[in-house]
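Derivation of every value follows stated rules applied to the coordinates shown; laboratory data play no part. All values derive from a computational prediction rather than experimental measurement. We place every Cβ from the backbone using ideal geometry, glycine too, and count neighbours over all the protein chains shown.
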Amino acid sequence: MTEKTWMYYSADNSKCLSAIWSQCLYYAAVVCLLIAPVGAEDACPSSCVCARDSGTVTCRDGDDTEVPEDIPAWTTTLILRGRNISTLQRGAFTVNGTELEMTTLSVSYNGIQSIEPYAFLGLPRLHLLDLSHNRLASVSARAFHGLPELRSLCLNHSILSLPAAQLSNALSTPTLSNLHRLDLAGNRLKSIPLISFDIYNLHTLVLVNNSIEVIGAENVSGLYQEARARIYLSLNPFRCGCDLQAFYYWLKNSSQCPDAERLLCSEPESRRGTPVEELRDEDVECISENLEAVSYVFLGLVLALIGLVFLMVLYLNRRGIKRWLNNIREACRDQMEVYHYRYEQDSDPRLANVAV
């Protein structure tokens, strides 16, 4: 073998060894990946089903009393349903104190009774929060702090025993300034639990199937300000009297209530089942009744004043009146004496014979 041939052979051999070595490294890396343990950030909580492709973690039907602590960092949608979680504690959805990129959180049908302050801390990207079908009895005024991107909040069939003041305070947080949809259906509410509409960007407010009888003028003025909001109010027992006047005119002059034709009167008995839209202006007008009451009061005062003036005049002129009465009495007496004298003359028989 010549020197030149040996050089070519050595070069080819080194290239072959290099290729074989590269292939070995590649397969070794693959094997290491396959047999390596799954990291904590990729682990799926027990009794849950994880779908990393869609970023969804679903945990249904269990006896757990707390939110899982090992929620994967890649989770964008978390569904907790049918658990036994009575309290949402502060930072319940954070993982080792770090924020999650979660955009959808559903914790319906869990029997939740209490939401502590900053329970949803660590979810700055959350868009939808579903708390429906729970048994809320206590909600902190800071329960929804830390949700600047929240667009939809579902609280339907959840706050049957929750004081209205607590709900109003919890919903008045400035961090809900981007809230587009608020669902409060089926909660036996007697009024709109929003202190002010100015802090919201509401597009939809659902108040169907509550116990609202009257919507006051202060709420109506807020509805006028939120002209783009759509308010759903069917299946409420409206009391169709003069207290409903402001709301009645808003309903007639605005298109903000898509289910307006389904709003029915519950009281009084004579108007039960009548659509609120079909009421007449005089059915909700209180002006005539008030004016009538005021008129009677004013008339009584005027008559009392006239009577008082009359009595004062009589008192101040009592001597002249007494003199006048005496004069009248004397005149009457003189007149009666004249009549009596004539009667005696007419009854004298001697005068009767002379007349014949």
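Points to keep in mind about this one:
- Charge tally in the Cβ shell below 15 Å around VAL313, where Lys, Arg are +1 and Asp, Glu are -1, VAL313 excluded: +3
- LEU305-SER47 pseudo-label distance in nm [points 7 Å out on the Cα-to-Cβ vector]: 8.0 nm
- With contacts taken as Cα pairs under 8 Å at a separation of at least 6 residues, segment 145-291 carries a relative contact order of 17 percent.
- Segment 165-222 - convex hull of alpha carbons, volume per residue in Å³: 78 Å³
- For segment 41-289, the Cα-based Rg and Dmax, in that order, read 20.4, 72 Å.
- Most tightly packed first, judged by the mean number of other beta-carbon atoms within 10 Å of their residues, the peptides 186-195, 92-101 read 186-195, 92-101.
- For the Cα trace of segment 291-334, dividing Rg by the Kirkwood Rh returns an Rg/Rh value of 1.36.
- Gyration tensor over alpha-carbon atoms, segment 95-243, equivalent ellipsoid semi-axes in Å: 27, 17, 13
- Summing charges over neighbours of ARG239, with a neighbour being any other residue whose Cβ is under 10 Å away from its Cβ, gives -2 when K and R count +1 and D and E count -1.
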